[in-house]
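Novice: Starting off with a structure, shown below.
The values are calculated or read from the model by the stated rules, or taken from the named source; none is laboratory data. Fair warning: this is a prediction, and the values are worked out from it, not measured in the lab. When we count neighbours, we look across all protein chains shown, and the Cβ atoms used for this are built from the backbone with ideal geometry, even at glycine. In case anyone asks, the SASA skips ligands and DNA or RNA and just uses the protein heavy atoms, side chains included. Shrake-Rupley method; radii C 1.70, N 1.55, O 1.52, S 1.80 Å.
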Amino acid sequence: MNQTVFVVDDDAAMRELIADYLGENDLRVTTVANGSDMQKVLAVEAVDVVVLDLRLAGEDGMQHARTLRESSAIPIIIVSGRKDEADRVMGLELGADDYITKP
């Protein structure tokens with residue numbers, strides 16, 4: 001069975017780019033644009049890894065990562081345009097498994 005990757009990013013073009021790439025590599029992908037929808041999906045769907053953008057429109061991606069880590073052991077990969085080392089460290093300290101900077 002294919003692994004399920006859950007992509008949370010408010011940029012529709014970025015969601016599509018990530019989903020297309022992962023889908024081409026035989027992964028099942030679910031996407032949403034915000035933290036509220038993320039919680040709804042996680043309540044009903046089993047996912048293997050969450051790819052989470054930190055800059056969600058009007059929301060704190062770090063808080064979403066913290067909340068997710070407190071309630072689940074699902075691996076979290078933060079994908080962000082934030083290039084500051086402090087953001088990387090904070091994301092990893094919150095429980096993210098990796099931190100990737102967007103090009």
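Novice: Got a number for the accessible area of M90? Probe 1.4 Å, square angstrom, nearest 10.
Specialist: 90 Å²
Novice: Sticking with this structure for a sec: For region 68-94, list residues with backbone N below 11 Å from a point placed 7 Å from the Cα of E24 toward its Cβ?
Specialist: No residue passes the distance filter.
Novice: Accessible area per residue of the chain at 1.4 Å probe, in Å²?
Specialist: Dividing the accessible area of the chain by its residue count gives 56 Å².
Novice: Taking Cα pairs under 8 Å and at least six residues apart, what relative contact order does the chain come out at, in percent?
Specialist: Relative contact order, the chain: 24 percent.
Novice: Just to verify a number: FRET efficiency for A13 and T67, C-beta to C-beta distance, R0 = 25 Å, to 0.05?
Specialist: Efficiency for this residue pair is about 0.45.
Novice: Solvent-accessible area of K40, probe 1.4 Å, all protein chains present, reported in Å² to the nearest ten, please.
Specialist: Accessible area of K40: about 130 Å².
Novice: Give the carbon-plus-sulfur fraction of the accessible surface of the chain in %, rounded to a whole number; probe 1.4 Å, heavy atoms of protein chains only.
Specialist: Within the chain, the accessible surface is 51 percent carbon and sulfur.
Novice: Next question, about the same structure. Arrange the residues S72, S80 by how much accessible surface each exposes, largest first, with a 1.4 angstrom probe.
Specialist: S72, S80
Novice: Only Lys, Arg, Asp and Glu count, each charged at its Cβ (+1, +1, -1, -1), so figure out the dipole size of the chain about its Cα centre, rounded to 20 debye.
Specialist: 120 debye
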